[in-house]
Amino acid sequence: MRLEQGWVKLHRELLDKPIWTEATPEQKVLLITLLMMANHSEKQWEWKGERFTARPGQCITSLPALVQKCGKNSSIQKVRTALKRFAKYEFLTDESTAHNRLITIINWGVYQGKEEATTDRETDGQQTTNRQVTANKNEKNEKNEKNSTCRKQVYDEASLFYQLALSFYEQVSRNHPGIKEPNLQKWANDFRLLVEQDQWTIEQITYVMTWSQQHAFWHTVVLSPASIRRNWTRMVAQVKQERTSAKGQVQKKYVEEFTLDLAKGEDL
């Protein structure tokens with residue numbers, strides 16, 4: 001079988017991104033389908049009744065056409081929902097008319113751009129070429145790592161970190177009615193940092209988060225997950241101190257009740 005229509009690159013880092021890890025099987029099929037449908041070079045189309053030049057990374061299609069290409073278990077509603085989700089993750093833009101829609105894959109050139117072959121005609125050309133190719137690849141890898149670091153991670157509303165952010169906002173709102181809704185994406189990212197960088201467990205974070213909003217002092221200070229990170233050491237120390245104190249009070253109460261019962265028994 002001859003493959004004459006080219007190919008697309010599928011980076012392994014996609015496996016660790018929420019756009020993939022939180023996606024349904026149908027959404028994953030659509031994501032890959034859109035990559036394969038996007039133009040590799042400029043093409044002439046008609047868009048909104050006008051002549052239109054579709055750039056690399058763009059395609060003009062329709063919901064029924066996408067359903068047909070995605071195949072089994074696909075539906076117009078599922079495709080429409082997936083497109084909205086992909087747009088939220090800044091994977092694509094989606095502009096529609098009554099008959100069709102223009103899909104644009106964002107950062108197409110970064111991940112799907114052509115690699116320039118390096119040639120050299122010197123007597124030691126092969127060595128020189130190999131060194132140049134290696135240097136180019138290293139430079140490209142560094143650029144991709146930098147781009148990956150700079151891009152903001154987007155959290156699905158069903159993800160654990162987003163749900164932590166939402167839960168904390170609800171607790172803060174109860175203590176401070178009318179407080180402005182925060183950037184929940186940023187809050188979700190701060191909770192991720194508490195886990196991945198600060199090495200705290202979800203159970204520990206949930207406990208301290210709830211404890212802070214029930215505390216007479218800390219509920220006026222800790223109004224964001226970033227504040228939780230800044231004050232974590234002090235709050236944990238206070239939690240331990242209160243636990244120790246409470247344990248001592250329980251023991252003291254038990255001794256007093258035991259002595260009282262014993263004295264009562266002696267009176268008898």
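If you stretched the chain out fully between SER62 and ARG174, how much longer would it get, using 0.36 nm times the residue separation minus the C-alpha to C-alpha distance?
On the way: separation 112, 0.36 × 112 = 40.32 nm, distance 4.51 nm.
My answer for the length gained is 35.8 nm.
What's the carbon and sulfur percent of the range 13-106's accessible surface, probe 1.4 angstrom, rounded to a whole number? Don't skip to the end; give the middle numbers.
Values: 2770 of 5380 Å².
Answer for the range 13-106 is 52 percent, counting heavy atoms of protein chains only.
Note down the net charge around CYS70, summing +1 for each Lys or Arg and -1 for each Asp or Glu among other residues with Cβ under 13 Å from its Cβ. Numbers along the way, then the final one.
Numbers: positive: LYS28, LYS69, LYS72, LYS78, ARG80; negative: GLU26.
Neighbour charge sum, excluding CYS70 itself: +4.
So how exposed is VAL29, as accessible area in Å² (1.4 Å probe, rounded to 10)?
Looks like 60 Å² after rounding.
Return the subset of LYS88/LYS186; LYS28/LYS84; LYS17/LYS88; LYS9/LYS48; LYS48/LYS72 for which the Cα-Cα distance in this structure is over 24 Å, preserving the input order.
Details: LYS88/LYS186 14 Å; LYS28/LYS84 14 Å; LYS17/LYS88 14 Å; LYS9/LYS48 31 Å; LYS48/LYS72 30 Å.
Beyond 24 Å: LYS9/LYS48; LYS48/LYS72.
How much FRET efficiency would the formula 1/(1 + (r/R0)^6) give for ASN107 and LYS240, where r is the Cβ-Cβ distance and R0 is 45 Å, rounded to 0.05? Present the calculation step by step, with values, prior to reporting the outcome.
Details: r = 47 Å, r/R0 = 1.04.
It comes to 0.45.
How much length would be gained if the chain were fully extended between GLU203 and LYS84, taking 0.36 nm per residue of separation minus their Cα-Cα distance, in nm to one decimal? Walk me through the intermediate numbers first.
On the way: separation 119, 0.36 × 119 = 42.84 nm, distance 3.23 nm.
Gain in length upon complete extension: 39.6 nm.
Semi-axes of the equivalent ellipsoid for the range 187-252, please: Cα gyration tensor eigenvalues, times 5, square-rooted, ordered largest first, whole Å.
Semi-axes (√(5λ), whole Å): 24, 13, 9.
Extending each Cα 7 Å along its Cβ direction at ASN183 and THR21, get the distance between those two points in nm, one decimal.
Placing both labels 7 Å along Cα→Cβ, they lie 2.1 nm apart.
Long-range amide H contacts for TRP45: which residues qualify at under 5 Å (H placed 1.01 Å from N, peptide plane, sequence gap of 5 or more or a different chain)?
Placed amide hydrogens put PHE52, THR53, ALA54 under 5 Å from TRP45.
Students often get this wrong: which residues of the range 40-77 have the backbone nitrogen under 16 Å from the point 7 angstrom along Cα-to-C-beta of ILE32?
Counting only backbone N, you get 69-74.
Once amide H atoms are placed 1.01 Å from N in the peptide plane, what residues at a sequence separation of 5 or more from ILE106, or on another chain, have their amide H within under 5 Å of its amide H?
Close amide H contacts, sequence-distant or interchain: LEU92, THR93.
The values are calculated or read from the model by the stated rules, or taken from the named source; none is laboratory data. The shown structure was predicted, so the numbers you read here are calculated from the model rather than taken from an experiment. FYI the Cβ positions are ideal-geometry reconstructions off the backbone, even for glycines, and counts take in every protein chain you see. Heads up: the accessible areas ignore ligands, DNA and RNA and are worked out on the full protein's heavy atoms, side chains in. Shrake-Rupley method; radii C 1.70, N 1.55, O 1.52, S 1.80 Å.
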